[in-house]
Amino acid sequence: MNIAIDGPAGAGKSTVAKIVAARLQYVYIDTGAMYRALAWAVQREGIEVTDEQAVSRLLEKNRIRLARNQQEQLVFWNEIDITSEIRTPEVSQYASIVASHGEVRMQMLALQRELAKEGNVVMDGRDIGTHVLPNAEVKIFLTASIRERAERRLAELQAKGHETSLEELEAEIAERDKRDSEREVAPLKQAEDAVLVDTSGKTIDEVVEQILEICKRMGEKAK
Ligand code: DC
């Protein structure tokens with residue numbers, strides 16, 4: 001069984017996807033980290049982020065690898081561990097622009113399908129249920145109010161020592177939502193057969209239990 005979890009920035013996808021994967025002993029794949037890795041490299045190489053050809057050539061010529069240690073998912077650009085460098089607000093904005101390029105998305109789609117081909121994965125992103133794994137047995141669309149999403153991001157960033165304000169984060173998230181939802185190729189959209197889960201006001205545990213319940217129901221249906 002494959003589980004697709006999509007939704008806007010800060011809805012809690014990676015937090016709950018990770019726990020759901022651990023509970024089911026599935027492999028967790030964070031596709032946002034792949035766009036972030038490319039965005040990080042674009043920044044490092046000084047490539048113009050809006051130059052679709054140059055950005056997609058950079059992806060073609062290098063390797064993004066996801067791995068895990070006991071605590072977390074690690075992200076590598078070739079052999080460089082960039083796990084802690086891809087979560088800054090600058091990389092977030094760059095990632096959203098990089099992700100609007102059709103050629104980049106085509107390459108990412110192939111990489112992501114390859115990662116999921118053995119099955120039993122929990123994959124999170126924006127277009128997993130609609131494009132990457134349209135046949136996933138379980139599709140979840142996770143959302144929450146902008147205020148709550150900004151509050152969560154603020155806590156995350158503060159814990160890592162980054163300085164920012166709630167207002168700034170709300171504006172950034174709104175901008176990213178707009179770009180991710182309005183792009184021409186594979187925009188952020190709830191798949192017709194996805195179950196909507198609003199995480200506003202819910203604890204992580206509550207959301208995880210709700211998703212596990214949905215997996216159980218859909219898994220039985222798929223049998
Ligand atoms: O989930 P995240 O914030 O780490 O994602 C970073 C950016 O990558 C986000 O702005 C949208 C983009 N993205 C995407 O377009 N498709 C995906 N499957 C995953 C992420």
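Some observations on this one:
- The relative contact order of the chain comes to 33 percent, based on Cα pairs under 8 Å that sit 6 or more residues apart.
- Whole-Å distance, taken between Cα centres, linking the stretch 92-111 and the stretch 154-209: 18 Å
- Radius of gyration and maximum dimension Dmax of the chain, Cα, Å: 16.6, 50
- If you take the alpha carbon atoms of the stretch 55-157 and fit the smallest convex hull around them, that volume is 139 Å³ per residue.
- Averaged over residues, the count of other Cβ atoms within 10 Å places the peptides 46-54, 30-38, 193-201 in the sequence 30-38, 193-201, 46-54, highest first.
- Volume per residue of the C-alpha convex hull in the stretch 122-223, rounded to whole Å³: 112 Å³
A short reminder: the numbers here are calculations on the coordinates, not readings from a lab. Because the structure is a prediction, the values reported are computed rather than measured. Counting neighbours? That spans all protein chains shown, and the Cβs are built from the backbone with ideal geometry, glycine included.
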